Amino acid sequence: MVNDRLVHVLESRNLLSNVQCGFRKDHSTLDHLGADRATLLKLYRTLVRSKLDYGSVIYGSAKKHVLRALDSIHHQGLRIALGAFRTSPIKSLYAEAGEPSLEHWRMKLAFNYVLKLKSLPRNLCHEVVFEAPLSDFSVVTKSEPNLVANTFEHFKNANISLNIIDNLHVQCPPPWEEHNITVDISLTKQNKENTSIRGNENVDKLAKAAPNRTSTSGKLIYYSDLKCKINTYIKSVWQRDWDAEGANKLHEVLPNLGEDLHRRGKGAGRKLETAMCRLRVGHTWLTQSYLLKNEQQPFCYAWDSLYTVRHILIDCPDFQDTRRKYFSLTDLYRLFREVNPSRIVGYLKDLGVYGKI
Ligand SMILES: [Zn+2]
């Protein structure tokens with residue numbers, strides 16, 4: 001008992017590291033390891049999702065109910081990294097983690113595969129994908145439309161022409177076998193502010209005119225130069241999905257995907273970042289545990305309103321005096337952007353509900 005007490009005192013005064021304090025009851029293993037959300041997401045992407053990615057261009061044409069088995073792994077990974085509850089909506093997890101659904105992710109991988117294949121005309125699959133009628137294949141096998149074949153429709157929607165992709169050439173002889181490379185370093189002897197170098201004006205003119213030119217002006221480009229266009233397209237498809245989630249609690253806080261609200265509480269400890277994530281998603285133990293315990297939804301009878309995160313943080317007049325000490329905003333969108341997370345936590349601690357978040 002003395003030992004436990006001593007460890008508690010040393011730990012609370014930050015005199016022990018997370019590992020030194022051992023794995024004690026009521027403490028998450030992740031807290032002890034000091035793993036923050038960004039590290040956990042990185043670990044998930046590297047160790048788990050990379051395995052799901054392998055061969056996805058081929059197995060991605062499987063039936064939806066078969067692919068759904070993989071979704072549960074994806075969701076579990078995100079839930080652990082974010083510290084979210086099982087009741088949290090899946091689309092909120094995607095938006096909060098900045099991680100697309102596996103369906104969108106597979107679509108992106110298929111895009112990249114087609115782009116690269118287009119630049120490799122000697123590849124065995126090139127003829128099958130670009131010349132053989134893939135739609136006939138789908139009819140014969142009675143399978144779902146091929147994932148790669150599906151991308152052609154998306155390429156049209158994204159306004160990406162595959163005909164501008166250059167073939168990858170193997171340089172012969174390879175650059176490391178080339179000798180006597182002449183390097184002209186005479187420019188380094190010039191003063192940087194010296195503008196009288198011959199030809200400089202022409203270079204400046206051409207540089208200024210470059211953005212006004214049509215993108216490729218008939219020239220072929222390297223396949224990976226189109227990847228950013230693909231990323232933009234996938235993000236727009238995801239954003240369209242997200243915009244359809246009008247009733248989602250997180251949508252009010254985070255209408256535009258890609259914004260990292262988490263950075264405000266970064267480095268403040270696992271407990272705080274988990275609490276802030278649950279508050280943004282709108283699913284905390286205090287407000288949603290009734291779903292897991294099969295009880296009635298908490299209700300604020302004094303003000304005839306459901307007991308939600310919004311009600312606690314913004315609406316409930318009973319907490320008005322306490323709230324004024326920490327912040328005085330009336331919408332969640334601004335609250336999570338303008339108020340320091342430690343003040344929101346301070347408010348909840350003052351109300352005595354922080355431990356139930
Ligand atoms: Zn109330």
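The values are calculated or read from the model by the stated rules, or taken from the named source; none is laboratory data. These numbers were taken from a predicted model, which means no experiment stands behind them. Cβ sites come from the backbone with ideal geometry, for glycine too, and all protein chains shown count toward neighbours.
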Quiz item: So which residues in the stretch 321-338 are under 20 Å from G282 (Cα atoms) and either assigned to a helix (DSSP H, G or I) or within 16 Å of the ligand (Cβ to nearest atom) (or both)?
Solution: R323, T330, L332, Y333, R334, L335, F336, R337, E338
Quiz item: touching a Leu at 6+ places or on another chain (Cβ under 6 Å) and at pLDDT below 90 - does that describe any residue in the stretch 210-225?
Solution: yes
Quiz item: F336 passes all but one of (1) of a type in the set (F, W, Y); (2) over 27 Å from the mean Cα position of the chain (by Cα); (3) surrounded by 16 or more Cβ atoms within 10 Å (Cβ to Cβ); which number fails?
Solution: (2)
Exercise. Return the residue satisfying two criteria in turn: it lies in the stretch 339-357 and is in contact (Cβ under 8 Å) with a residue 24 or more places away in the chain, over 16 Å from C277 (Cβ atoms) and outside any loop (DSSP other than H, G, I, E, B), and of such residues it is nearest to the ligand (Cβ to nearest atom).
Key: L351
Quiz item: Taking the stretch 320-344, which residues are hydrophobic (A, V, I, L, M, F, W, C) and either modelled with pLDDT of 90 or more or outside the structural domain of V309 (by TED's automatic domain parsing) (or both)?
Solution: F327, L332, L335, F336, V339, I344
Quiz item: Within the bounds of the stretch 96-103, is there any residue that is surrounded by fewer than 20 Cβ atoms within 10 Å (Cβ to Cβ) and charged (D, E, K, R)?
Solution: yes
Quiz item: If you take the residues of the stretch 294-317 that are part of a helix (DSSP H, G or I) and surrounded by 12 or more Cβ atoms within 10 Å (Cβ to Cβ), which of them is nearest to the ligand (Cβ to nearest atom)?
Solution: H311
Quiz item: Does F336 satisfy being in contact (Cβ under 8 Å) with a residue 40 or more places away in the chain and farther than 21 Å from R86 by Cβ?
Solution: yes
Exercise. Of the numbered conditions (1) in contact (Cβ under 8 Å) with a residue 40 or more places away in the chain; (2) buried (at least 20 other Cβ atoms within 10 Å of the Cβ), D260 fails exactly one; give the number of that condition.
Key: (2)
Quiz prompt | Output for the stretch 46-70, where each listed residue is without any contact (Cβ under 8 Å) to a residue 12 or more places away in the chain and within 13 Å of I80 (Cβ to Cβ) | solution = L47
Quiz item: If L291 satisfies every condition in (1) buried (at least 16 other Cβ atoms within 10 Å of the Cβ); (2) more than 16 Å from the ligand (Cβ to nearest atom); (3) of a type outside the set (D, E) but one, which is the exception?
Solution: (1)
